[in-house]
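Peer 1: Structure incoming, see below.
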Amino acid sequence: MAEIDDPDADLLARLARGEPQAARELVERKLPRMLGLAQRLLGNRAEAEEVAQEGLVRAWQQVGHWRPGQARFDTWLHEVVLNLCRDRLRRRAVRREEALDEHAEAAAFADPGPTPEQQLDHAQHSARVAAALDALPPRQREALVLHYYQALPQAEAAALMGVSVDALESLLARARRSLRARLQDASTSAIAAPAQAPADPGGSPP
Amino acid sequence: MTPDRFEQLADAWGADLRRWPAQEQAAAHALMEQPAFAPAARALLARANELDTLLGSHAVAPPSAALASAVLAGLQACPGLATAPGQPSPHAWPQPRGTAPARPVRASGRKPWHGWWSGASIAGAGLAGVAAGALAVALLIGTALPTARPAQSEGGWWPGTAFDTGGALVEGSEE
């Protein structure tokens, strides 16, 4: 693999010099991103928080294994967190169907509460998408999260999954086809209110 | 590029052509400029954009201050990083079962910090020192180190995770 530019290089160099502020910046920069990755893969906030925390600490412990110039730090961090998520998903596979039912039910009967209607609509959309993501086969969900939400370069997302870019494309196509079918009912209202969507649906780049 | 291939790409990668495979973007743009295909292309991209918009509505709340503080505290408690730079093998960082510092702490279950980074100055000062050596090694001689397989190769000190299983989940990087 050719040498690559790493947008985190400056921060990491400051870490290597022992600047305490750099550690705080590392957490500020990476924790939200890793939390998003974990939550969308696991579909559970509490578990996602545990995994994000565990992953950042784990990455820090193993920083001597990271190979700068061959992998971006962000991609390597994704690998750490991704493996933790895979482990969680594997161990809870037996319980998954029951949890999914509860999640879908919660999404369908979200408490309207006192929040503004628009905010409620957004929360319901978010819950529907979360439930639809949960229902995807794990590999399809991984592909979609890595490409769409984490906005990883195609080759990096494919490498993290141990597949070719062509295989990643196939996984994405199947994932999006399933999601479109599941979210068909929601799409009409989403089109009617496009302002609810974030300006950059792919998420912030690393 | 054929119209069928254009449809495949839109269905897989979404409506933003910048996120399609780089080697196919120019051909896709060229196809879109052909009058006979332009309306169909717009329809395909509109359909892809509908799904992109829906996916974009799935928001993840930002981490709490308690979680951020817990992460920093966890980083601070990494005695393994005291290992001399140049000896990155995780097996050189023995952690007795049940005392591994990296085990997660539920932020929600912790006593809240009284300030956003009230723990940061303490944690930061400690962790920067212990991490600097290992990170410096990575930055300087990383390519000479064994292939990175983070969180996969070592077992025994992180009970109950995939890392005990010896590779069942090793499907990762080709880097």
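Peer 1: With 5 Å bins from zero, work out the P(r) of the range B:28-77 over every alpha carbon pair and list the percent per bin.
Peer 2: Cα pair-distance distribution for the range B:28-77, in percent: 5, 16, 12, 10, 9, 8, 8, 7, 7, 8, 7, 4, 1.
Peer 1: Still on this structure, please answer the following. Which stretch or stretches of the range B:15-35 have amide N atoms under 16 Å from the point lying 7 Å from B:R42's Cα along the Cα→Cβ direction?
Peer 2: The answer is B:31-35.
None of the figures in this text is laboratory data; all of them are computed from the coordinates on show. These numbers come from a predicted model, not from an experiment. Neighbour counts are summed over all protein chains in view; Cβ atoms, including those assigned to glycine, are modelled from backbone coordinates with ideal geometry.
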